[in-house]
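No lab work stands behind these numbers, since they all come straight from the coordinates. What you see is a predicted model, and the numbers here were worked out from it, not measured in a lab. All Cβ positions, glycine included, derive from the backbone under ideal geometry; neighbour counts span all protein chains shown.
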C-alpha cells in the first residue's frame, strides 16, 4: 500500500475507530499515536503503524480497490487513446491513398469529386449554426442549393445539378472511408468472366495458339476447332464455347496484352512502335573524337561493275559530337573495309581521344580478329551494341536513313529501301517490259545509266563535303557539322608518321623479293631500292593500296620499320582497285 499517513477525517467511522473526527483525535492523544502536521493545509495526520489491526485491514482493502479502479481507468484511457491514434492513422492513410488515386482520374471525374467534396465541406459549416435543429438546417441547405444562393463556384452548380440529404450523407461517408476518390465511380480493370477465362488450361492453350498462329486472331472458328481436337486428344474436361465466345475472348486478350502480343508476333513492329525510347545517348560526349559510331549498309542502287549490275555496301563512321561522317564503298562489308575506313578517318580527323569509344554492332566483320586488333592498337574502347538493337547506335543509323532516303532515291538504278519497295519497283519494270522492248533492253539501259564504284565513292565524298557538312542540323543548335567543329576549338592529334597506318591497308601476305620485285596476284611490283643486294630474296609484308592496284607498300620482315613503295609499271595511273582487278581476271 502506498499511502501511510491518514487524517482524523480519513479514519472516522472505520472498524475499531470512533464515529467522529474529534473522538479520533482524543483517542490518538491518549494512545500517543505517531503524529505529524499535514504537508498541505491545517491539522494533523497519523501513521498507519499506530492504528489498530482492524483499521489497517480496512485501509488495505480500500487501497486495493482504488488501485484496481485506477488501473482499469488507465487501461481504458490507453485503449481509447490507441484506438483514436489508429483511427487517425487510418484516416491519414485513406487521405494519402485517395490523393494518389486522384491522379488516375479523368478531368471530368476530378471536377466531379472536387465539387462533391466542396458541398460536403460547406454543409458541415452551414449546419454548425443549427445546434439542436439539424433537420431544419438540412432543409434550408437543400433549398438554398436549388436556388444557387450558397457561396459555391458556378462550376459546382454546373457539375452537380441536384442534391438531397441522403446523397450528401452518402458522400460524407464515402469521403471518410475511401478519401476523395470515393466520391466518383471508377471503372476497375475489366476481368473477363468468359467461359475460356474460367478454365486456365484452355485459356493457356488459346494463348499459345494465338501467338504461334497470329492469323487466328481473325479466325476464331479455327481456334475452336483446334480446342476441340486438343480436348479429345488429352481427354480434358473442357467446356468449349461457341466461336463467338472465342472471338470475344481474342479481342479482350489482345486489347489487354497489346505489348506482349506485338512482341510475340511482330518483333519489328514492337521495336519500332512499342519499345521504350532512350534519350541522350551522347550525354557524356564533350568534344570531337570522343565517340565514333560505325555501321554498314547495302547501297539502295545497283552499280555498273564491269558490265554487270552489282549491289555494293557502304561502311560509315560518324563523329557523334560534330556529326561529321566518313563513308567507304566496298563490295561487301569486311574487316578489311572497316580497317580502310578507320585509316581514312584518322588521316582526316586525327586519332580518337584517349578515353574515346568506338561503337559498332555485333556483325562478324566488326568482331573479327583484325578489327578487334585495330581497335586495341588505337587504344580506344570498343563498345558493341546488343544484337538487333540498332537504337543503341542511333546517330549512324539516322545518317544512313538521311543519305539513302534522300539523294540516293533520285539516282539511276534505285531499287528501294526494303523488300516491299523493291517488289513495287520490280512490278513496274515487269509491266514496262511486257509492253516495251523487254527485259534485256531494260537491263542494257540500266547498265548504260549505272555508275561505277569509283564514281559512287567520289559522289559520296563530294556530297558529304559540299552538302551534308555545310547543312544546318537541329541536333547541333542549328549549326552545320563544319561550324560546330570550328566552334569546339578542338586540336586533333594526328599521326606523326602516316605510314604507321599502312597496317590498315589490304594485307596481301608475306612475299619474297626476286629480281628486284615481288609478285602478288600475278602482278610484279618493282622499286629502285629492291635492286640493292641487301634485299635480294628477303621476305617482306605486302600491303596493297585499296584504291589503286598499281601500288604496293613493302615492309621487310624483322626490319627496322622502313617502308618501300613499289609500283606496277603497266597499271600505274589507271587507278584500278585490287578487288576490281581480281574480279576482272
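What the table shows:
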item	result
Taking 284, 349 and counting other C-beta atoms within 10 Å, the order from fewest to most	284, 349
Fewest-first sequence of 347, 183 by Cβ atoms within 10 Å of each Cβ	347, 183
Sites residue 234 and residue 368 - FRET efficiency at Förster radius 51 Å, r taken between beta-carbons, to 0.05	0.50
Relative contact order [Cα under 8 Å, 6+ residues apart], the stretch 318-386, whole percent	32 percent
Residues 340, 150 arranged by fewest to most Cβ contacts within 10 Å	150, 340
For the stretch 200-274, the spread of Cα positions along each principal axis, largest first, Å	42, 22, 19
